[in-house]
1. Per-residue ellipticity at 222 nm for the chain, helices alone: DSSP H runs ≥ 4 residues times -39500 (n - 2.57), over residue total, nearest 500 deg cm²/dmol?
2. Rank these for me by crowding, GLU196, GLU220, GLU28, going from fewest to most other beta carbons within 10 Å.
3. Gaussian network model of the chain, Cα springs within a sub-10 Å range: biggest mean-square fluctuation belongs to which of LYS63, LYS180, LYS71?
4. When only Cα pairs under 8 Å and 6 or more residues apart are kept, what is the percent relative contact order across the chain?
5. Sum up the lysine pairs in region 39-84 that clear both bars: alpha-carbon distance under 17 Å and a spacing of 8 or more or different chains.
6. Just need the relative contact order of region 102-228 here, percent rounded to a whole number, with Cα pairs under 8 Å and 6+ apart.
7. Return an integer: the convex hull volume of the alpha-carbon atoms of region 59-159, in Å³ per residue.
8. What does the charge count near TYR129 come to, summing +1 for each Lys or Arg and -1 for each Asp or Glu among other residues with Cβ under 12 Å from its Cβ?
Amino acid sequence: MISLQNVTKRYGAFKAIQSISLNIKPGEIHGIIGSSGAGKSTLLRMMNLLEKPDDGDVIINNKKINHLKGKEIRNIRQSLGMIFQGFHLVGNKTVFDNVAVSLEIAKIAKKNRTERVMESLRFVGLEAYKDKYPRQLSGGQKQRVAIARAIVNNPSVLLCDEPTSSLDPTTTMEILEVLKQINQQLNVTIIIVSHEMEVIRSLSERVTVMEDGQIYEVVEIEPTGVNK
Ligand code: ADP
Ligand code: ADP
């Protein structure tokens, strides 16, 4: 699955990540918690190959990423979906086209895109919104579109960076329920970063606690469930 071995990331002289080792297990929902500046986003961005470690190895599906070439990196990136706090939808594209972007990037033929986009939109409950624009949607709906975009390439892992931090408590629970269904019904491993303990506790089976660019501890917990 995803494994980090003695990974260090520096920004100038500052070490944002200090020799971290972590193994993500296939099928788990893994929470990463820590205060602002602890290094959570940086860690996630290295798992998604958006950032390269200065030291150590990122290993995905038994391959060391450091030595891979552009094409192989792109293939691996397509097996990793990612969602963000700020949704990152494209404002002048419809809901349908926002989701289709992932298939375009993956060079899926146009004639095969419609069915897959609609399948993803159905999964997040937004089939009827396919022709709307992001500005016409609520925050929760926008995050559902971002989730549809992230799962349309059938990823094995979904990386979630503060996915509910700009949502109200009720919408937060709805989005967490969608993530749980993605894990259970689509067999997608989920890594969820949050500074909110309640969010992490509701879904995660294992939690990595980060502090000052290091792992403070990794704990196994019984998820409290999603209370609606
Ligand atoms: P978290 O997600 O836990 O809030 P981040 O991973 O965003 O933490 O940041 C960890 C530390 O690295 C912070 O001190 C942050 O200011 C610093 N940092 C993150 N990205 C950059 C960057 N591109 N350039 C310089 N410093 C950065
Ligand atoms: P978050 O909302 O999760 O805190 P940030 O706003 O810090 O995320 O952005 C995370 C990364 O995504 C940054 O590198 C940023 O440049 C990039 N990003 C921000 N907005 C967009 C966008 N609309 N499309 C693509 N990437 C974006």
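1. -10000 deg cm²/dmol
2. In increasing order of surrounding Cβ atoms, one gets GLU220, GLU196, GLU28.
3. Looking only at LYS63, LYS180, LYS71, the biggest GNM fluctuation is shown by LYS71.
4. 29
5. Step by step, the pairs that qualify in region 39-84 add up to 6.
6. Worked out over region 102-228, it gives 19 percent.
7. 105
8. +3
None of the figures in this text is laboratory data; all of them are computed from the coordinates on show. None of these values were measured; they are calculated from a predicted model. Don't worry about glycine lacking a Cβ; one is built from the backbone with ideal geometry, like all the others, and counts go over all protein chains shown.
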